[in-house]
Amino acid sequence: MSRFRNALLTLALLAAAGVVAAQSNTFPGIGRAATPSEVAKWDIDVRPDFKGLPAGSGSVAKGQDVWEAKCAQCHGVFGESNEVFSPLIGGTTAEDIKNGRVANLKRADYPGRTTMMKVPTVSTLWDYINRAMPWTNPKTLSTEEVYAVTAFMLNMANIVPDNYVLSDKNIAEVQARMPNRNGMSTAHAMWPGNELSGIKKPDTANKICMKDCTPEAKVASFLPDFARNAHGNLQEQNRNVGPQRGADTTKPEPKAGMLVAAAAPVAAAKPEINEAKAAIALLNKHSCTACHGVDKKIVGPGFNEIAKKQAGKTDYILSKVKAGGVGVYGQIPMPPQSLPGADAKQIAEWISKGASK
Amino acid sequence: MNADNINSGRVQKAPENFLTPTGIKEVFAEGKKGRRDFIRNAFAAAAAGAAAPMAMAQGNPVPVEGGDPNILNLPEHTVGLGQGVAAEGYGKPSKFEANLQRRQSPGLTQTTQASVSFAPLQSLFGIVTPSGLHFERHHQGWWDIDPSKHRFMINGMVKKNMVFTMDEIMRLPSVSRFAFIECGANTATEWGNVAVPTVQYTHGMISCSEFTGVPLITLLQMAGADLKNGKFVLAEGGDGSSMTRTIPMSLITSGEVIVAYGQNGEMLRPENGYPLRLVVPGVQGVSWVKYLRRVEVGDKPYAAKDEAIHYMDLQPDGTHRQYTNLQEVKSVVTTPSGGQVLLDKGFYNITGLAWSGKGKIKRVDVSTDGGRNWRQARLETPVLSKALSRFNIDWVWDGKPAIIQSRAQDDTGHAQPTYQQLRSVRGTRSIYHNNAIQSWLVQENGEVKNVQVS
């Protein structure tokens, strides 16, 4: 109550003084005006009407150079790779550009959906490349490079010609050529306000039937036996006390009536392998895991693969981390890494000892 | 013991019964000498050695000696001195709970930084998700950000662009509310057919916490936001992806949207956006922007990457539904559920979770015959709007195959659809917003399988 009274008093005083009462006076001392340079640094979003787009331009040719240096490792030379992320380019036609609808999206048998098949707005590409790319060094591209990379992607999808220079002046024309620009709908009940279609009635309906609702149920889909252990041993993913146990999926499914859940005493957690934990934490910290999995290839080889090939060779591994390399595991080069020496050494030792998890 | 005790429903043997009377005597003798490890090992060996079903089997039998060694032989913790206070400055779960982990689904993503981990719903109780088991979704890796350096900015259609420190945000009047957060892609793998084995992987991209923070409307009013023409708010994260999402102004003016720093009584966990995240009750998780650094008031939606490339629902005619934000009514039985094994025939408490992005859960019905007949489940309190609700229902398993389903209805009257109903409208390629009724097949051997029924 007293806060309310104080607020009224404040408002009354302000009114008396002829000050325009801004709400912020309710909470004196909290928050301050943002300076223009602060807003400029953070307000980087670009809307579909291109509000927020900085003036500038970039050519397809320049974009190709940037692409090869900074994008191709993950996205493939033609934006087709699905090694690290979903493919960016492919699946669109000249007819789609004319219609603004990607025909392949109607086909249930079409394998995969690329970014270019889906995205209706060039602004979205520009905005995300600018704010989030490259993957391990976001916000390091110049405005020209962002225009150029966007232009190169559009060129790979045959939306702009080889000699095109994309700029703030012509980007709206390009948006009007996007292959899926007419492929969006907001006529659904899943926006929780009235700002878009305003539709409230859901598209699905079920009745609260309680008795003899359906014919006898038949199992139509289940996991095949070979996938039994695909998610690891489910026995180790369930609590060891209570009404159920996890199934031991390292063994074939038992026949009815057989012992299926071991009633061994509840096992305490395995002692943590601290060395491995620390090394993996460093790999995450220095973004090594963006390109190398502990036990699988991503862009570069898995650490397990390196461990196998270079067992015991701590110094060799350390030199490769520092200097980078190419050709031992494939043709995608690894740039020299600048992590602190002690961290690099710890990682190299862990790899040379087998890269255990 | 009659034949009923050894037929198909009998799946779990208490290890005591695999010891001969002589063996038991020996074990007890050793136990009396203080060698309790001997007892444990003997039981383990008996369990491991068991190959064939035995006639004598009961979950909690009385051994021939006339008592349970766990009762008769007072354990260490009853006859010794326990540990002192503050042995753990920040307490951890029991070492026996190590199986409860959030986990990645193998093969789902190629990197761990743009990936998800799933909460172990099969082993959780009530409606609150322990913060350390909260599901994760990162778009460019997570950070542990120094709160003294974190800033929150408001700009766009406001009278005054403003910045706030965490100190300032935490000085403002706070509110606390429970809310579920569900990834729009939760249950995505199951659109066409069964693809993963357990409820952790089918439904584990949902969690529920008590969040504490400041209503975003309070902050927008401080900046003099144009609430009439500013129909949309862009929320932006401070991490590498600086992820952006468009938030409806109507949810903000209702006071529901919170700029949150607290979660279950402590600060947000780093994986969940420490020190500041947006809480948008009822809306899919991608809108709950983590490491929140800025909101911008605007008059048009923003078509961010996760609004114009991902998080769009592909329909059978090749159209994408854009700006599909609501999480519609949904439920799932968490036990018994896929990958589990029932210990025996007899009584079970079927339990699960229900939720709706549009309001409160009104009722949940449970079927054990694949959707032919249903019984209404008990809703446990509290039943809160746009939070998880817990349901329970009694069940006596007769040892025969059973298909367990749950069907939720929210207070708008919307009832959770079957797979047939959902697919007849949206096909099987939507990826997002699969809220169909889940089926678990309890087999005669006690093992529970993820299935879909026709």
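The values are calculated or read from the model by the stated rules, or taken from the named source; none is laboratory data. This structure is a prediction, so every number in the text was calculated from the model and none was measured. Glycine gets a Cβ as well: all are built from the backbone with ideal geometry, and neighbour counts include every protein chain shown.
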Only one of A:I317, A:I347 that is over 27 Å from A:H75 (Cβ atoms), in contact with a helix residue (DSSP H, G or I) (Cβ under 8 Å, 6 or more places away or on another chain) and not in a loop (DSSP other than H, G, I, E, B): A:I317
Residue selected from region A:122-149 under the condition buried (at least 24 other Cβ atoms within 10 Å of the Cβ) and of a type in the set (V, I, T), by the criterion nearest to A:T92 (Cα to Cα): A:V122
Residue within region B:166-184 that is surrounded by fewer than 20 Cβ atoms within 10 Å (Cβ to Cβ) and either modelled with pLDDT under 95 or in contact with a helix residue (DSSP H, G or I) (Cβ under 6 Å, 6 or more places away or on another chain) (or both) present: yes
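Mind checking which residues of region B:373-407 are in contact (Cβ under 8 Å) with a residue 40 or more places away in the chain and basic (K, R)? Break it down stepwise before answering.
In the first step, residues of region B:373-407 are kept if they are in contact (Cβ under 8 Å) with a residue 40 or more places away in the chain; the result is B:380, B:382, B:384-407.
Matches in region B:373-407: B:K386, B:R390, B:K400, B:R407.
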Qualifying residue in region B:313-324 (condition: in a loop (DSSP other than H, G, I, E, B), of a type in the set (D, E, K, R) and facing chain A (nearest Cβ under 10 Å)): yes
Qualifying residues in region B:46-81 (those that are of a type in the set (G, A, S) and surrounded by 15 or more Cβ atoms within 10 Å (Cβ to Cβ)) - the one modelled with the highest pLDDT: B:A57
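A quick yes/no check of all residues on (1) surrounded by fewer than 19 Cβ atoms within 10 Å (Cβ to Cβ); (2) of a type in the set (D, E); (3) at pLDDT 95 or above:
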| site | (1), (2), (3) |
| --- | --- |
| A:T186 | yes, no, yes |
| A:W191 | no, no, yes |
| A:I199 | yes, no, yes |
| A:K211 | yes, no, yes |
| A:E216 | yes, yes, no |
Among the candidates B:L342, B:L379, B:L278, B:L384, residue that is away from chain A (no Cβ under 11 Å), buried (at least 22 other Cβ atoms within 10 Å of the Cβ) and hydrophobic (A, V, I, L, M, F, W, C): B:L278
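Please enumerate the residues belonging to region B:167-205 that are in contact (Cβ under 8 Å) with a residue 24 or more places away in the chain and more than 29 Å from the chain's Cα centre (by Cα).
B:I169, B:L172, B:P173
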Candidate set: region B:281-303, residues that are more than 7 Å from every other protein chain (Cβ to nearest Cβ) and assigned to a loop (DSSP other than H, G, I, E, B); chosen: the one nearest to B:G184 (Cα to Cα): B:Q284
Strands (runs of 3 or more DSSP E) within region B:99-189 that include 1 or more residues at the interface with chain A (Cβ under 7 Å from one of its Cβ atoms): B:151-156, B:162-165
Conditions (1) at pLDDT 80 or above; (2) aliphatic (A, V, I, L, M); (3) farther than 30 Å from B:P270 by Cα; number of the one not met by A:A262: (1)
Residue within region A:112-135 that is under 15 Å from the mean Cα position of the chain (by Cα) and of a type in the set (G, A, S) present: yes
Those residues of region A:106-121 which are more than 10 Å from chain B (Cβ to nearest Cβ) and out of contact with any Ser or Thr (no Cβ under 8 Å at 6 or more places or on another chain), in sequence order: A:D109, A:P111
A:G198 touching a helix residue (DSSP H, G or I) at 6+ places or on another chain (Cβ under 6 Å) and closer than 30 Å to B:K386 by Cβ: no
Residues (among the β-branched types (V, I, T), free of Cβ contacts under 8 Å to residues at least 24 places away in the same chain and under 21 Å from A:V174 (Cβ atoms)) located in region A:77-119: none
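Table: residues versus (1) touching a residue at least 60 places away in the same chain (Cβ under 8 Å); (2) farther than 30 Å from A:W126 by Cβ; (3) among the basic types (K, R).
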residue: B:H310; (1), (2), (3): no, no, no
residue: B:P316; (1), (2), (3): yes, yes, no
residue: B:Y323; (1), (2), (3): yes, no, no
residue: B:V333; (1), (2), (3): yes, yes, no
residue: B:G371; (1), (2), (3): yes, yes, no
Test: residue in region B:128-137 that is within 14 Å of the chain's Cα centre (by Cα), small (G, A, S), within 27 Å of A:G232 (Cα to Cα) and assigned by TED's automatic domain parsing to the domain that holds B:S242: yes
Any pair with Cβ under 6 angstrom, 6 or more apart, that starts in region B:72-99 at a residue that is touching a residue at least 60 places away in the same chain (Cβ under 8 Å) and ends at one that is of a type in the set (D, E, K, R): none
Matching option when the condition is among the polar types (S, T, N, Q) and part of a helix (DSSP H, G or I), among A:S86, A:S123: A:S123
Tally, over region B:420-429, of residues that are crowded, with 22+ Cβ neighbours inside 10 Å and either farther than 21 Å from B:I206 by Cα or in contact with a strand residue (DSSP E or B) (Cβ under 7 Å, 6 or more places away or on another chain) (or both): 1
Residues that are facing chain A (nearest Cβ under 9 Å), in a loop (DSSP other than H, G, I, E, B) and not polar (S, T, N, Q), drawn from region B:408-430: B:H414, B:P417, B:G427, B:R429
Which listed residue, of A:V77, A:V39, is more than 12 Å from chain B (Cβ to nearest Cβ) and either part of a helix (DSSP H, G or I) or of a type outside the set (F, W, Y) (or both): A:V77
Residue list for region B:431-442, restricted to those being within 10 Å of another protein chain (Cβ to nearest Cβ) and either without any contact (Cβ under 8 Å) to a residue 40 or more places away in the chain or touching a Ser or Thr at 6+ places or on another chain (Cβ under 7 Å) (or both): B:Y432, B:H433, B:A436, B:I437
Given (1) farther than 19 Å from B:R137 by Cα; (2) polar (S, T, N, Q); (3) more than 19 Å from the chain's Cα centre (by Cα), number of the condition B:N325 does not satisfy: (1)
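State whether the residues of region B:200-216 include one that is within 13 Å of chain A (Cβ to nearest Cβ), assigned to a loop (DSSP other than H, G, I, E, B) and aromatic (F, W, Y).
Taking every residue of region B:200-216 in turn, none turns out to be within 13 Å of chain A (Cβ to nearest Cβ), assigned to a loop (DSSP other than H, G, I, E, B) and aromatic (F, W, Y).
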Residue list for region B:430-453, restricted to those being touching a strand residue (DSSP E or B) at 6+ places or on another chain (Cβ under 6 Å) and among the acidic types (D, E): B:E447
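Hand me the list of strands (runs of 3 or more DSSP E) wholly inside region A:129-247 holding 1 or more residues that are more than 9 Å from chain B (Cβ to nearest Cβ).
A:165-167
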